[in-house]
1. For the stretch 296-307, indicate whether the set of residues that are open to solvent by 60 Å² or more (accessible area, probe 1.4 Å) and modelled with pLDDT of 95 or more is non-empty.
2. Kindly establish whether residue 225 is closer than 26 Å to residue 312 by Cβ, basic (Lys, Arg) and modelled with pLDDT of 95 or more.
3. Any residue in the stretch 223-230 that is within 26 Å of residue 66 (Cβ to Cβ) and hydroxyl-bearing (Ser, Thr, Tyr)?
4. Could you say which residue among 133, 151 is within 22 Å of residue 227 (Cβ to Cβ) and of a type outside the set (Asp, Glu)?
5. Residue by residue through the stretch 193-243, note down the ones that are within 18 Å of the chain's Cα centre (by Cα) and hydroxyl-bearing (Ser, Thr, Tyr).
6. Which condition number does residue 111 fail, the rest of (1) loosely packed, with under 15 Cβ neighbours inside 10 Å; (2) modelled with pLDDT under 90; (3) out of contact with any Asp or Glu (no Cβ under 8 Å at 6 or more places or on another chain) being met?
7. Among (1) assigned to a helix (DSSP H, G or I); (2) touching a Pro at 6+ places or on another chain (Cβ under 6 Å), there is one condition residue 275 misses while meeting the rest; what is its number?
8. Could you list all residues from the stretch 320-351 that are of a type in the set (Ser, Thr, Tyr), open to solvent by 60 Å² or more (accessible area, probe 1.4 Å) and either at pLDDT 95 or above or assigned to a helix (DSSP H, G or I) (or both)?
Amino acid sequence: MITEAEHPGPPGTTLFDSQIGFALRRWCAPVLDLPAHAAPEDYLERRAELGHAEVHRRLLRACGITTFCVDAGFQPEPLTSAAELAELAGGRGVDVVRLERVAEQAAVDVITGQIGMTHLADTVRARLESTRPTMVAVKSVAAYRGGLELPAQRPTDREVAAAARGWIHEIRAGAPIRLTDPTLHAFLIWCGVDARLPIQIHVGYGDSDIDLRRGNPLLLTGLLRAIAPTEVSVLLLHCYPFHREAGYLAQVFPNIYLDLGLAIHNCGRGSAGLLAQALELAPFGKFLFSTDAFALGELYLLGAVLFRRGLSAFLAAGVADDAWTAADAKRVARLICADNARRVYNLYNPP
């Protein structure tokens, strides 16, 4: 679970022999009272001895994150909620709602006869509106389903209705309840726009369920151009290996932001170079810290530690060659590590 791989690898190998594996042994082992670089066997034994609750409490509190914006819609069964996560960490939690999950729950209601097919779109809108007081953003995983080549313009009501009918017919014919239609993905994103909520869009790197070729954020250019006049914030998440493309989009569109998410902890020591590349074009006021961690407390700690180290190296190098002052570096660090997120997600006045 430390990587996006679904399998442990061939016999005789271990995923501890990777950037993230070495980073875990270096930075997580001391939090569990082991020496840095402890052997994987010793680490796993100590982890089991402490128990998962104590392990996660220690790791989460050591990461220094005070506010968790959580999308718990990954599985049909909810993962740790924002409130539960915040309690473990001694912080606070706020919700991010996954758009596809809302649509798929509405599709189930159509199939079971609780609502009519013609009411699917209105049901999605109404449910988003009803949860609006408790959430800070919505999220699209269109990249996982069919890719990011979505319609450039807002779909018409007739187009949405036709796409919804086709989707429901496919489900009734035996297809899984899994939204893949690009028109409906675009419709959901526009629902987020209409709700005036920040819209997260998964970009690039993910598990084997994704077709990475279709995860390039440049495929969203037309849609982003159409959304720009609304001034609703769009956040490109994770981005690797398209972090330079995402940085370009953040520079040229006024409402586009990005983070590197799970790429940071998976790249381990290499994350410093990754971060510097993303900041070649991205304005410092439009780049955010995130982890995309789930299931393992180690991923939160590694995301935080490696991000701090990479950003510190980037900013210190700029001070050393007189590209900016130490005061500038301190201000930029505060922007990227906290203030940009507070501003975009309105965390000054959380739900």
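1. The initial filter retains those residues of the stretch 296-307 that are open to solvent by 60 Å² or more (accessible area, probe 1.4 Å), namely none.
Within the stretch 296-307 (the criterion being open to solvent by 60 Å² or more (accessible area, probe 1.4 Å) and modelled with pLDDT of 95 or more), the answer is no, since none of the residues qualifies.
2. Working: closer than 26 Å to residue 312 by Cβ: no; basic (Lys, Arg): yes; modelled with pLDDT of 95 or more: yes.
Here the answer is no, as residue 225 does not meet what is asked.
3. The first filter runs over the stretch 223-230 and keeps only residues within 26 Å of residue 66 (Cβ to Cβ), leaving none.
Among the residues of the stretch 223-230, not one is within 26 Å of residue 66 (Cβ to Cβ) and hydroxyl-bearing (Ser, Thr, Tyr), which makes the answer no.
4. Working: 133 fails: within 22 Å of residue 227 (Cβ to Cβ).
Only one candidate passes the filter, namely 151.
5. Answer for the stretch 193-243, where residues must be within 18 Å of the chain's Cα centre (by Cα) and hydroxyl-bearing (Ser, Thr, Tyr): 205, 208, 233, 240.
6. (2)
7. (2)
8. Initially, the stretch 320-351 is screened for residues of a type in the set (Ser, Thr, Tyr), giving 325, 345, 348.
Now narrow it down to the ones that are open to solvent by 60 Å² or more (accessible area, probe 1.4 Å): 325, 348.
Of everything in the stretch 320-351, just one residue is of a type in the set (Ser, Thr, Tyr), open to solvent by 60 Å² or more (accessible area, probe 1.4 Å) and either at pLDDT 95 or above or assigned to a helix (DSSP H, G or I) (or both), namely 325.
The values are calculated or read from the model by the stated rules, or taken from the named source; none is laboratory data. The structure displayed is predicted, hence computed values, not measured ones. When we count neighbours, we look across all protein chains shown, and the Cβ atoms used for this are built from the backbone with ideal geometry, even at glycine. Calculation scope for accessible area: heavy atoms of the full protein, side chains included, ligands and nucleic acids excluded. Shrake-Rupley method; radii C 1.70, N 1.55, O 1.52, S 1.80 Å.
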